[in-house]
1. Taking region 30-51, which residues are crowded, with 19+ Cβ neighbours inside 10 Å and either outside any helix (DSSP H, G or I) or among the hydroxyl-bearing types (S, T, Y) (or both)?
2. Return yes or no: is A9 at pLDDT 95 or above and open to solvent by less than 20 Å² (accessible area, probe 1.4 Å)?
3. Is it the case that A109 is part of a helix (DSSP H, G or I) and either open to solvent by 70 Å² or more (accessible area, probe 1.4 Å) or under 20 Å from L135 (Cα atoms) (or both)?
4. Of A14, A24, which residue is surrounded by fewer than 16 Cβ atoms within 10 Å (Cβ to Cβ) and hydrophobic (A, V, I, L, M, F, W, C)?
5. Scan region 124-136 for residues that are under 17 Å from the mean Cα position of the chain (by Cα) and surrounded by fewer than 17 Cβ atoms within 10 Å (Cβ to Cβ) and jot them down.
6. From A92, A101, A73, grab the single residue that is touching a residue at least 24 places away in the same chain (Cβ under 8 Å) and out of contact with any helix residue (DSSP H, G or I) (no Cβ under 6 Å at 6 or more places or on another chain).
7. Kindly establish whether F119 is within 14 Å of I23 (Cα to Cα), of a type in the set (F, W, Y), out of contact with any Pro (no Cβ under 7 Å at 6 or more places or on another chain) and in contact (Cβ under 8 Å) with a residue 40 or more places away in the chain.
Amino acid sequence: MALAELDAADRHRAVAARFADVIADVSDWEAPTPVDGWVARDVVAHLVDWFTGFLDAGGVRLPGGPAVADDPAAAWSAHAAAVQELLDGPSARETFTHPMAGEHRLADAVDRFYTADVFMHTWDLARSQGATPDLDTAYAQVLLDGMIPIDELLRSSGQYGPAVDVPDDADTVSRLMGFVGRDPAAG
């Protein structure tokens, strides 16, 4: 089933597993990524650290795990399992209130703010190793369609760089990555 058709728990399960597959292929954790100033290890650290802090700001605590600096794969595995446990449990239906992001059902907050980020950073991590991951184009289109109307808000947040122009006939994933400031043509 396509990612866009899954519920929040199953979508996270699939996206996190795909990210783990890319981690398994990392041979150089110090390789630069398409994110300016980041190396491969930083992609994992970003996903683990920012989302742990995001949840904590709303009163949801994830258990600690291995340090990314010591073992990025183990850190990811523990973190992804903890997030999945939230999504598979009864708290997924509860209201989550974040001081900046507002009020959402916890599963919706995870899906909207985090799972989408893991999906996009899968591309960054793979590209750091010279690979191009096979990402779900329908889900990439859903993300792109949701982000285009709030382009100015996204850019002003500092979370995205300037959009990178891609050819008119570029595939959906390349258009998404160009939108969030990555150059899909860069080696």
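The values are calculated or read from the model by the stated rules, or taken from the named source; none is laboratory data. As the structure is a computational prediction, the values presented were derived from the model and not from experiment. Cβ atoms come from the backbone with ideal geometry, glycine included; neighbour counts cover every protein chain shown. Surface areas here come from the heavy atoms of the whole protein model, side chains and all, with no ligands, DNA or RNA. Shrake-Rupley method; radii C 1.70, N 1.55, O 1.52, S 1.80 Å.
1. T33, P34, V35
2. yes
3. No: the conditions fail for A109.
4. Just one listed residue meets the conditions, A24.
5. T132, D134
6. On inspection, the qualifying residue turns out to be A101.
7. In short, yes.
To keep it simple, each residue is scored yes or no on (1) open to solvent by 10 Å² or more (accessible area, probe 1.4 Å); (2) in a loop (DSSP other than H, G, I, E, B); (3) β-branched (V, I, T).
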position: P66; (1), (2), (3): yes, yes, no
position: W76; (1), (2), (3): no, no, no
position: A92; (1), (2), (3): no, no, no
position: T122; (1), (2), (3): no, no, yes
